[in-house]
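Comments concern the structure below.
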Amino acid sequence: MASVGRVTPQTMHFDEPLPLRSGASLPSYSLVYETYGRLNAERSNAVLVCHALNASHHVAGVDERGATGWWDNLVGPGKPLDTERFFVIGVNNPGSCFGSTGPTHLNPATGKAWGADFPVVTVEDWVDAQVRLVERLGIPKLAAVLGGSLGGMQALSWAMRHPERLEHCIAVATAPNLSAQNIAFNEVARRAIVTDPDFHGGHFYEHGVVPKRGLRVARMIGHITYLSDDAMEAKFGRELRAAELGYSTQEIEFQIESYLRHQGDKFSAYFDANTYLLITRALDYFDPAREHGGKLAAAFAPARDKRFLVVSFTTDWRFSPARSREIVKALVDNRIAVSYAEIAAPHGHDAFLLEDPRYHQAMRAYFETVAARVGAVKTEAAHV
């Protein structure tokens, strides 16, 4: 299928401070975003796509660096999220290292990079920032908010915090909060970063170094959790890198070791350590039931007239189907319309990024329903 082609990111600046859940605020800030497709005359066909941990606003098409968007197999002309029907927005969140205001940018109070002083941001803070962007784009109500993994948490938060601003919520491979095991993985990754001698308390920019050792280990841990046991076994098994064992405790012996080190090296070359700390903390903090005595159904009560699609994958042990069923039960308890697809896929958590025909058919069918409800047809309309 066709691509949206060459895309150029745009930047929206906000002079108004963004109040944060921590009680702090982000003074002026900028958000980087991309759009695909056309906004119809009724402004009713907009879909916001929320990104996960190491992704960005670049959802589809090819950017100026020649990089393909992280969800290009899902978003584009004739694809499940069809840009010939929908106006799709991808936005980069505050605290990221991909263009929106984050730790690498200047703190206006000091004239130095924010570094570790960048305020702690939450999923709810990101959603509030996204609301402002959507308002500036002149869109009164989104046809849908879509996200996978951490992006799915943002989609759920939209439905709970701003139900009047969307029609549909589509949450893929996500959870209503992190389990103790997931928080534990995040903590080990964070400790790898902050104990790197090059971290310098998060102000490593001033020292002209990058805590690459910590970032490498953090990414290696993450990759282990993104794949299922079966997928890892099928891909690497016990395959050796060389013809014979080297009897070394330091060198790479197995292909899985080589893969993890490669992923770690690649990640440490482009990702910011402070951003990693911020985003994993936002994952830890997300727990909408906490404000309702642990009752998830009460958290979803404001979304009673919304419609949901929840998707999970059988081998995703990081955000297992059981966690998605918790979301579905809370919605059903509120008599909220919800469709649920549990895809038998072998790939683990990463399945939400892959092109599985059953998964994509479920997404396509749901977006056809969304299109019919909001009048998203192939029409000539004005660009935003």
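The values are calculated or read from the model by the stated rules, or taken from the named source; none is laboratory data. The structure presented is a predicted model; accordingly, all values stated were derived computationally and were not measured. Ideal geometry is used to build each Cβ from the backbone, glycine not excepted, and the neighbour counts take in all protein chains shown. The protein model used for the area step is the full one, side chains on, heavy atoms only, and it has no ligands, DNA or RNA in it. Shrake-Rupley method; radii C 1.70, N 1.55, O 1.52, S 1.80 Å.
Annotations
- Distance violations [Cα-Cα > 23 Å] among Lys212/Lys235; Lys306/Lys329; Lys235/Lys266; Lys79/Lys329; Lys141/Lys329: Lys212/Lys235; Lys79/Lys329; Lys141/Lys329
- Measuring nothing but protein heavy atoms, the accessible surface of the chain at 1.4 Å probe radius is 52 percent carbon and sulfur.
- Dipole of the stretch 182-280 computed with +1 at Lys/Arg Cβ and -1 at Asp/Glu Cβ about the Cα centre; of Ser268, Tyr226, Gly246, farthest Cα towards the positive end is Ser268.
- Projected label distance in nm at Ala365 and Leu240, using a 7 Å step from Cα toward the beta-carbon: 4.9
- Sum of side-chain charges, Val120 neighbourhood, beta-carbon under 10 Å (Lys, Arg +1; Asp, Glu -1): +1
- For the stretch 185-214, the list of chymotrypsin sites (Phe, Trp or Tyr not before Pro) that fall in a loop by DSSP and count at most 10 other C-beta atoms within 10 angstrom is empty.
- Rounded accessible area of Val62 (nearest 10 Å², 1.4 Å probe): 40
- Dipole magnitude of the chain, debye to nearest 20 (Cβ charges: Lys/Arg +1, Asp/Glu -1, about Cα centre): 700
- Heavy-atom SASA rank of Val47, Val217 (probe 1.4 Å, accessible area, largest first): Val217, Val47
- For the stretch 3-136, convex hull of alpha carbons as volume per residue, Å³: 112
- Local electrostatic count, Met232, Cβ distance below 14 Å [Lys/Arg +1, Asp/Glu -1]: -4
- Farthest toward positive dipole pole in the chain [+1 Lys/Arg, -1 Asp/Glu at C-beta], among Pro103, Leu146, Ala303: Ala303
- Dipole check for the stretch 182-280: with +1 at the C-beta of Lys and Arg, -1 at the C-beta of Asp and Glu, and the Cα centre as origin, the magnitude is about 200 Debye.
- Sorted largest first by accessible area at a 1.4 angstrom probe radius, with every protein chain in place, the residues Asp196, Asp128 fall in the order Asp128, Asp196.
- With a 1.4 Å probe rolled over the protein heavy atoms of all chains, the accessible area of Val49, Val338 falls in the order Val338, Val49, largest first.
- Kyte-Doolittle mean at least -0.5, axial Cα span of 15 Å or more - DSSP H helices of the chain: 123-136, 150-161, 180-194, 212-226, 273-285, 321-333, 357-374
- Farthest toward the positive end of the dipole of the stretch 316-378, out of Ala322, Ala351, Val338, is the Cα of Val338, where the dipole comes from beta carbon charges about the Cα centre.
- Among residues other than His203 with Cβ under 12 Å from its Cβ, the summed charge is -2 (Lys and Arg +1, Asp and Glu -1).
- Solvent-accessible area per residue in the chain equals 42 Å², computed with a 1.4 angstrom probe and all protein chains kept.
- For the stretch 90-105, 3J(HN,Hα) per residue [Karplus equation, 6.51 cos²θ - 1.76 cosθ + 1.60, θ = phi - 60°, Hz, x = Gly/Pro]: x, 10, 8, 7, x, x, 6, 10, 10, x, 5, 4, x, x, 7, 8
- Across the chain, Cα pairs under 8 Å and at least six residues apart give a relative contact order of 19 percent.
- Choice from Met160, Met363, Met232 showing the highest fluctuation, given a GNM over the chain with Cα pairs closer than 10 Å: Met232
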